[in-house]
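K.L.:
Let me begin by handing over the structure; questions about it come next.
The values are calculated or read from the model by the stated rules, or taken from the named source; none is laboratory data. These numbers were taken from a predicted model, which means no experiment stands behind them. Cβ placement follows ideal geometry from the backbone for every residue including glycine, while neighbour counts extend to all protein chains displayed. Protein only, heavy atoms only, side chains kept; ligands, DNA and RNA dropped before computing areas. Shrake-Rupley method; radii C 1.70, N 1.55, O 1.52, S 1.80 Å.
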Amino acid sequence: MASKRKNLSYLVFLLPFLVLIVLFEIFPLVSILINSVKPVETAGFTLEHFTSIFTSEYYMMSIRNSLMIAVFSSLIGLAVAVIGAYAIHHATPKVKRFFINLINMTSNFQGIQLAFAFIILLGNSGVLVLIGQQMGVDFLADFDVYSSTGILLTFIYFQIPLATLLMYPSFDAIHQEYKEAAMLLNASNFSFWMRVGIPIVLPSIFGTFSVLFSNALAAYATPYALMGNNYALLPIRISAMFTGDVVQQVELGSALSVILLLLMSVMTLISTNLLKKMRKEG
């Protein structure tokens, strides 16, 4: 009887959380799924919206651009983060606290404010662009922040702090005893990292890449503030379908949203299966 009352009290405390989940996640998801297969202004079932997307170069460009930005920003951000996480792991406690606080601050600097910061620095009359023109640095003088390169650079900027925060605890699993044991066996530093170090941090690398990929794929505020509707990305196209000034295409926007969810789900499933396989082999 006491256990039943205890379980009931837990359910009471969980009720507000469950209500939020149902109202802001389950209901919108179900609505998107229904609208994605709903004919325009009629009842029934149709796959016409998905057919329109996959046969249109306009929408396929959005999918390709989103995947390209997500993959490259995740890979570059992860590569820099691994080096930074390794450096934090070997830093003194005081330096480690400083850098973790700094990374926590910069990881929240994204969205509209990040786009404006890049415009101030690298816009047509940006500070760095003007410096490049004055000093004859062609790379800075001719840099176009309103392009694929500019968007990729902004994405890399907010991927690095997030990846570093996710990666640096994994290096704590490489204990000093492992290195000492490898030295006693006359293993080189390269052999240690290939046989011990990298296998230990590899699951974290795959998991972090999955998070970064989903983070970049769904990012909206930064590219929209930087380019508006002038660059084809899935989140921007989806937003235009629901907030069009003249015509709203809710059904087509829902179909695009389903594709975005599927891309994120596929990456999550691949990452999860790889992690399970590595843990079994380990």
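K.L.:
Please compute the Kirkwood hydrodynamic radius of the range 115-179 from all pairs of different C-alpha atoms, in Å with one decimal. Before the final figure, lay out the partial values.
P.N.:
On the way: mean 1/r = 0.0711 Å⁻¹.
Radius from the Kirkwood sum: 14.1 Å.
K.L.:
Next question, about the same structure. Counting only protein heavy atoms and a 1.4 Å probe, tell me what percentage of the range 27-128's accessible area is made up of carbon and sulfur. Intermediate values should be presented prior to the final figure.
P.N.:
On the way: 4500 of 6190 Å².
Carbon-and-sulfur percentage of accessible area, whole number: 73.
K.L.:
Can you give me the % of accessible surface on the range 162-282 that is carbon or sulfur? Probe 1.4 Å, all protein chains present, nothing else counted. Let's see the in-between values first.
P.N.:
Details: 4070 of 6540 Å².
Here carbon and sulfur together make up 62 percent of the probe-accessible area.
K.L.:
While we're on this one: For the range 173-282, go through all pairs of different Cα atoms, get the mean of 1/r, take its inverse, and jot down that Kirkwood value in Å.
P.N.:
The answer is 17.4 Å.
K.L.:
What number does the chain give for Rg over Rh if you use C-alpha atoms and the Kirkwood radius?
P.N.:
Details: Rg = 23.6 Å, Rh = 22.3 Å.
Rg divided by Rh gives 1.06.
K.L.:
Hey, can you list the DSSP H helices of the chain whose Cα span along the axis is 30 Å or longer and whose average Kyte-Doolittle score is at least -1.0? Walk me through the intermediate numbers first.
P.N.:
Details: long enough: 57-90 (49 Å, 1.12); 250-281 (46 Å, 0.99).
What comes out of the filter, once short or polar helices are dropped, is 57-90, 250-281.
K.L.:
Now for a different question. Run through the range 12-95 and list the GluC sites (Glu not before Pro) located in a DSSP loop whose Cβ has at most 15 other Cβ atoms within 10 Å.
P.N.:
Filter output for the range 12-95: E41.
K.L.:
222 nm [θ] for the chain, helices only, -39500 (n - 2.57) per DSSP H run of 4+, per residue, to 500? Before the final figure, lay out each step's value.
P.N.:
Working: 15 runs with 211 residues, N = 282.
Calculated at 222 nm, the ellipticity per residue is -24000 deg cm²/dmol.
K.L.:
Could you give the accessible area per residue of the chain, probe 1.4 Å, as a whole number in Å²?
P.N.:
Working: 17070 Å² over 282 residues.
For the chain, the per-residue accessible area is 61 Å².
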